[in-house]
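The values are calculated or read from the model by the stated rules, or taken from the named source; none is laboratory data. Because the structure is a prediction, the values reported are computed rather than measured. When we count neighbours, we look across all protein chains shown, and the Cβ atoms used for this are built from the backbone with ideal geometry, even at glycine. Each accessible area value is taken on the protein alone, full model and side chains, heavy atoms only, with ligands, DNA and RNA left out. Shrake-Rupley method; radii C 1.70, N 1.55, O 1.52, S 1.80 Å.
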Amino acid sequence: MIGENTRLPTNRIDMLIEIDSVFGNSPHRPDTVTGSGSVGKKASATCCMARPTVRRSTAAARFRRLKEFPLSNRLFTCLVALLSASIVSCSSANNRSDHQLVLTGSSTVAPLVLEMAKRFESQHPGVRVDVQTGGSSRGIADAMRGLADIGMASRSLREEEYELHAFAIARDGVCVILHRDNPIEALTDAQIVAIYSGEIVNWSDVGGHDAPITVVNKAAGRSTLELFLEYFDLSSTEIRADVVIGDNEQGIKTVAGNSNAIGYVSIGTAEFDASAGIAIKLLPVGTVAASVDNVATGSFPLSRPLNLVTRSEPNGLAATFIEFARSDSVHDLIREQYFVPIVP
Amino acid sequence: MYRSYRDQWLLWWIRGCAVLAGMIVLLIAVFLLLESLPALRHIGLSRFFTDPSWHPAATAAQGRFNLVPMLAGTLLAMTGAVAIATPLGIGSALFCHFYAPPLLATAYRRLIELLAGIPSVVYGFWGLVVLVPLIARWQPPGASLLAGILILSVMVLPTITLVADAAFSNVPREYLHGAAALGLSRWGTIRGIVLPTARSGLLTGMILGTGRAIGETMAVLMVCGNVVRMPDSLFDPVRTITANIALEMAYAVDDHRSALFVSGLLLMVMVIALVAAADTVSRRDGNG
């Protein structure tokens, strides 16, 4: 629970203000802020109580909070959300109106959809769009069970999910990255498979320096990992990793800090970081260079669609939102997040 | 009259606070148990220790759920960190209390307090961009048990130092005066009188530090490499239980999610054992 203390001051005040607005006694008395207990306990209590107000705040506020929260904080909020899930999910499923949309799913898609939701809310006064993250699997499961109006998934639908409807809003590509000082300019698919399955453990075997390879892999459940495994026809039990990472930035930092590392991350993030001078380079797949442009044209093989998923043919507000998310008017938002708009 | 009314009010307010604090802990424990139940029922406790590996899946039959390498990772990182931080912490508290001139001692104490206040992500980020590349140049891949131990010991150090410092302040003045009257040297006083008297305080500090080391997530997640495997050496990557929960929580469903709650339950049991140990130690010392 110690990790939660990071950035507490602003968040805590934020939450206390929200609580006060719930109980209707603002302005809140300062002694209630400083009066009790340890910081950790206080945070847990305030989080619990702040939960019901999440639906009150706008997407803008929520997005700000998402960006400010470090992983552990988000995780904690997630825990608290689960705590109250039994109560909240029932009411949210039943009391859903024409003024509220609930989207859950992929943490890759969520930041993009949050930006879209902000713009959508400003264009449709009185409408509230609630975006929660939890991975593609959760997005699809929630859409299937009707816990969310729209699920978000950073992959195509699988065969067993045929009854769902998917709407692509953008594309994302995954590319293999090396440290900038690594002399290797390209690897064949077979070499990458051999490196990741532990058959090749030294760079000299693929034409590089005599140095052990540090294999950087993603943690289970990440859609980047799924795409990578699927493309290279590997299973997660075959992979012999030296480092397992969570998000793209951590992967880039790990590779940039180790000249013998190999990893894979989202192209958008990698291209941006490489152009910002971080010591990584993007390897082509086959003969196709890893670039956002090649993802857009669909020629880059290691790419995936970012989908909005619904249980039935969307209607009402959900249909309006999906149409909006697929329109030209959000292409600037897609590019801002280093994803690639879908060109019809 | 007025006074007793105020007392009543205060009494109920304090009772309310106590109940609230107690309830939160109890609710968390109950919640953990409830969420763990599906995994305990479908997977069974023994499989968490006998399965061939940790390759979780949404259903019990498809996944493999061996927690032992992660338990080992947690325990090794924790033990290593406490083993490094304890002598350093007690040493610096001794320096602060008995050797440093008052002005330096105050400044030093503030510095240690500052160290305690640095958020764990900052340590983690520093570890990721400085410490790990440094180790990688010497013993690749760098992200390793060693990196975790070093980061954790820096994080645990202020806890142990501050508690040790407080314990030294609690040594009765008469003992020190007595030692001075007997003509004991400074080190003789420390070894013969201060350390034995402050023993329970020092142990409490160690246990608090251990608790922090067990629970730490972010920093460890960033520097340990997170590969689920029994480490053969200090330079092998490890994954701790907390890091595992943080890495997989957002993506886990059904039995996998429940299995993560089981690992959380294990952590809780470890912390309860620690608290019990701390309690026993301080009680035995109080009686003896």
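Within 12 Å, Cβ to Cβ, of A:I192, how many net charges do the neighbouring residues add up to if Lys/Arg are +1 and Asp/Glu are -1?
In short, -3.
Once you place label points 7 Å from the Cα toward the Cβ at A:R158 and A:D181, how far apart are they in nm?
Simple spin-label model gives 4.2 nm for this pair.
Averaged over peptide B:238-249, how many Cβ atoms belonging to another chain are found within 10 Å of each residue's Cβ?
What the average comes to for B:238-249 is 4.
Tell me, in nm to one decimal, what length is gained between B:A61 and B:A180 on full extension, where the rule is 0.36 nm per residue of separation less the Cα-Cα distance?
Length difference between fully extended and current span is 35.8 nm.
Sequence-distant or interchain residues sharing an amide H contact under 5 Å with A:I280, placed H: which?
Sorted by chain and number, the residues that satisfy this are A:R180.
Quick one: grab Rg to one decimal and Dmax as a whole number for the range B:1-128, Cα atoms only, in Å.
Looking at the range B:1-128, its Cα Rg and Dmax stand at 24.3, 71 Å.
Could you go through the range B:256-267 in sequence order and give the Karplus-derived ³J(HN,Hα) for each residue, using 6.51 cos²θ - 1.76 cosθ + 1.60 with θ = phi - 60°, rounded to whole Hz, and x for Gly and Pro?
4, 4, 5, 5, 5, 5, 4, 5, x, 4, 4, 4
How are the alpha carbon pair distances in the range A:98-213 distributed across 10 Å bins from zero to the largest one, expressed in percent?
Final binned percentages: 12, 31, 19, 19, 15, 5, 0.
Run the numbers for B:V269 and B:L45: contour at 0.36 nm per residue of separation, minus the present Cα-Cα distance, in nm.
79.2 nm
Measure nothing but the geometry: give the 0 to 90° angle between the long axis through the Cα atoms of B:199-215 and the longest principal axis through the Cα atoms of chain B, rounded to 10°.
The two axes meet at around 30 degrees.
Which positions within the range B:104-119 get 10 Å² or more of their accessible surface covered by the other protein chains, compared to the chain by itself, with a 1.4 angstrom probe?
Listed in order, they are B:P119.
How well do other chains shield peptide B:140-146, expressed as the mean number of their Cβ atoms within 10 Å of each residue Cβ?
Counting Cβ atoms of other protein chains within 10 Å of each residue's Cβ and averaging gives 6.
Find which of B:Y123, B:A276, B:T50 sits farthest along the positive direction of the dipole of chain B, computed with +1 on the beta-carbon of Lys and Arg, -1 on that of Asp and Glu, about the Cα centre.
Value computed over the given set: B:A276.
Go through B:A85, B:W187, B:V163 and say which Cα lies farthest out towards the positive end of the charge dipole of the range B:66-287; charges sit on Cβ, +1 for Lys and Arg, -1 for Asp and Glu.
Going by the charge dipole, the pick is B:W187.
Tell me whether the range A:172-297 comes out rounded, prolate or oblate; compute the Cα gyration tensor, take square roots of the eigenvalues as a ≥ b ≥ c, and use a/c under 1.5 as the rounded threshold.
Rounded.
Please give the FRET efficiency for A:A194 paired with B:A116, using the beta carbon to beta carbon distance and R0 = 41 Å, rounded to the nearest 0.05.
It comes out at approximately 0.30.
How far is helix B:145-169 tilted, in degrees, relative to the longest principal axis of the Cα atoms in chain B, given as a value from 0 to 90 rounded to the nearest 10?
Between helix and principal axis, roughly 30 degrees.
Taking 0.36 nm per residue of sequence separation and subtracting the Cα-Cα distance, how much length would be gained by fully extending the chain between B:A105 and B:L37, in nm to one decimal?
So the chain would gain 19.3 nm between B:A105 and B:L37.
For the range B:1-69, go through all pairs of different Cα atoms, get the mean of 1/r, take its inverse, and jot down that Kirkwood value in Å.
Taking every pair of different Cα atoms in the range B:1-69, averaging 1/r and inverting gives 15.5 Å.
Does chain B come out rounded, prolate or oblate, given a ≥ b ≥ c as the square roots of the eigenvalues of its C-alpha gyration tensor, rounded meaning a/c under 1.5 and, failing that, prolate meaning a/b above b/c?
The shape class here is oblate.
Between A:F300 and residues 5 or more places away or on another chain, which pairs have amide H atoms under 5 Å apart, with H built 1.01 Å from N, and which residues are they?
Excluding prolines and chain starts, which carry no amide H, the hits are A:V295.
Report, by chain and number, residues whose modeled amide H sits under 5 Å from the one on A:R171, excluding near sequence neighbours (fewer than 5 apart, same chain).
Result for A:R171 returns A:L306, A:V340, A:I342.
What average number of partner chain Cβ atoms lie no more than 10 Å from the Cβ of the residues making up A:257-267?
3
Whole angstrom only: what separates the Cα centroid of the range B:1-55 from the Cα centroid of the range A:144-175?
The range B:1-55 and the range A:144-175 have Cα centres spaced 37 Å from each other.
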